[in-house]
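Peer 1: Here it is, the structure in full.
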Amino acid sequence: MSDGLIPAAGGAVWRRTPAGGIETAVVHRPRYDDWSLPKGKHDPGESLLETAVREVGEETGCSVVVGRRSVRTQYAVEGGTKRVDYWLMEAVGGTFEPGDETDDLRWLPVDDATATVTHDHDRAVLADLARTDVPRSPTLLLVRHAKAGSRSEWDGDDDLRPLDPRGRRQARRLAEVLPLFAPTAVLTAERTRCRETVEPLAEVLGLPVQPLPEVGEEEFAADPQAGLAAVERFLETRPAPGVTVVCSQGGAIPSMLMALGVRWAGVAGALWPPATKGSTWALGGRPGALLADYYRDFPIDPET
């Protein structure tokens, strides 16, 4: 962590209205006598995403499902520079209770919330919440299997090659963080290393691990249209928040993403989207209007 940098995270919490619109939560902080979005400082031992969900829960009482990664804001505070990473989050329950940090909460249309918040950096997040060109929430988590033992050192059928100790740690980490997206189904290519990557997650969720052979590396190479069709059906709009988790391989995921129109860092051409072992792509929408957030991992120490 850089000297003077104070990492923090928060959320633009929203809910649907009966009329089909949305409204968002703003909170009053008595210490500063301001209206802001819920956020707070990073604690050791958690990723910034976990910080965001924890702080939102503490300041609003809301249970949330994580959605699209939003903007990062940065501004000077006493003692250094505060950098806040935001996510959009759909409220699915909970009750606000006034406390020392936040003594009031208002649910407002986004325009009214923009007029209410005290600080311009919160308005930047609300402007992102108001976007309609991409979905607010993913419907698919596309996971590359975690690290497996070396192929050259494995004597058996390569389909049966298991995770190594690092890969098992990666799988456990996915099982800690991915439930924040509210998975409703877990599917995998038919490789031992793929299944072992999502088994801890499925156990936490109480869900079965279902086979999806079309997304395996060899199967996708033989029939890419079938593999792409298998993935695209999970990008469709859902009536309720939540995602489908699909575990695949490094020889298939970048091709799927390119076919969906994903380009890394906005660069056109032959630069393939990354898919490191144990990584996750959060996807939703359709080509041309696609939500595509890449999580290489979920580190407990924020990058500088």
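Peer 1: Looking at region 269-291, which of its residues are in a strand (DSSP E or B) and surrounded by fewer than 21 Cβ atoms within 10 Å (Cβ to Cβ)?
Peer 2: Arg286, Ala289, Leu290
Peer 1: Look at Thr24 and say whether it is surrounded by 16 or more Cβ atoms within 10 Å (Cβ to Cβ) and among the hydroxyl-bearing types (Ser, Thr, Tyr).
Peer 2: yes
Peer 1: Exactly one of (1) in contact with a strand residue (DSSP E or B) (Cβ under 8 Å, 6 or more places away or on another chain); (2) at pLDDT 95 or above; (3) of a type outside the set (A, V, I, L, M, F, W, C); (4) farther than 30 Å from Ile6 by Cα is unmet by Lys277. Its number?
Peer 2: So Lys277 meets the others, but not (4).
Results for (1) in contact with a Ser or Thr (Cβ under 8 Å, 6 or more places away or on another chain); (2) free of Cβ contacts under 8 Å to residues at least 24 places away in the same chain; (3) not assigned by TED's automatic domain parsing to the domain that holds Ser70, shown as yes or no for each residue.
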| residue | (1), (2), (3) |
| --- | --- |
| Asp157 | no, yes, yes |
| Arg166 | no, yes, yes |
| Ala175 | no, no, yes |
| Thr188 | yes, no, yes |
| Leu201 | no, no, yes |
| Leu205 | no, no, yes |
| Leu212 | yes, no, yes |
| Ala221 | no, no, yes |
| Gln225 | no, yes, yes |
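Peer 1: Which of the residues that make up region 145-163 are under 29 Å from the mean Cα position of the chain (by Cα) and of a type in the set (A, V, I, L, M)?
Peer 2: Ala146, Ala148, Leu163
Peer 1: Please find, within region 17-57, the residue that is farthest from Gly93 (Cα to Cα) out of those that are touching a residue at least 60 places away in the same chain (Cβ under 8 Å) and of a type in the set (D, E, K, R).
Peer 2: For region 17-57, the residue satisfying everything is Arg31.
Peer 1: Please state which of the following conditions Ala52 fails to meet, knowing it meets all the rest: (1) under 25 Å from Pro138 (Cβ atoms); (2) touching a helix residue (DSSP H, G or I) at 6+ places or on another chain (Cβ under 7 Å); (3) among the aliphatic types (A, V, I, L, M).
Peer 2: (2)
Peer 1: For region 132-148, does any single residue satisfy the condition of being of a type in the set (A, V, I, L, M, F, W, C) and farther than 21 Å from Ala275 by Cβ?
Peer 2: No, region 132-148 contains no residue that is of a type in the set (A, V, I, L, M, F, W, C) and farther than 21 Å from Ala275 by Cβ.
Peer 1: Check Phe220, Phe234 and return the single one that is outside any loop (DSSP other than H, G, I, E, B), out of contact with any helix residue (DSSP H, G or I) (no Cβ under 9 Å at 6 or more places or on another chain) and crowded, with 21+ Cβ neighbours inside 10 Å.
Peer 2: That would be Phe234, the only listed residue that is outside any loop (DSSP other than H, G, I, E, B), out of contact with any helix residue (DSSP H, G or I) (no Cβ under 9 Å at 6 or more places or on another chain) and crowded, with 21+ Cβ neighbours inside 10 Å.
Peer 1: Return yes when Val246 is under 18 Å from the mean Cα position of the chain (by Cα), hydrophobic (A, V, I, L, M, F, W, C) and at pLDDT 95 or above and no when it is not.
Peer 2: So Val246 fits the description; yes.
Peer 1: Moving to a separate point now. Grab the strands (runs of 3 or more DSSP E) fully contained in region 1-44, keeping just those with 1 or more residues being under 22 Å from Val71 (Cβ atoms) and in contact with a His (Cβ under 9 Å, 6 or more places away or on another chain). Write out each step before concluding.
Peer 2: On the way: elements: 5-16, 22-29, 34-36, 39-41.
Hits in region 1-44: 5-16, 34-36.
The values are calculated or read from the model by the stated rules, or taken from the named source; none is laboratory data. Predicted model, so just to flag it, every value in this text is computed and none were measured. No Cβ is skipped: glycine too gets one built from the backbone with ideal geometry, and neighbour counts run over all protein chains shown.
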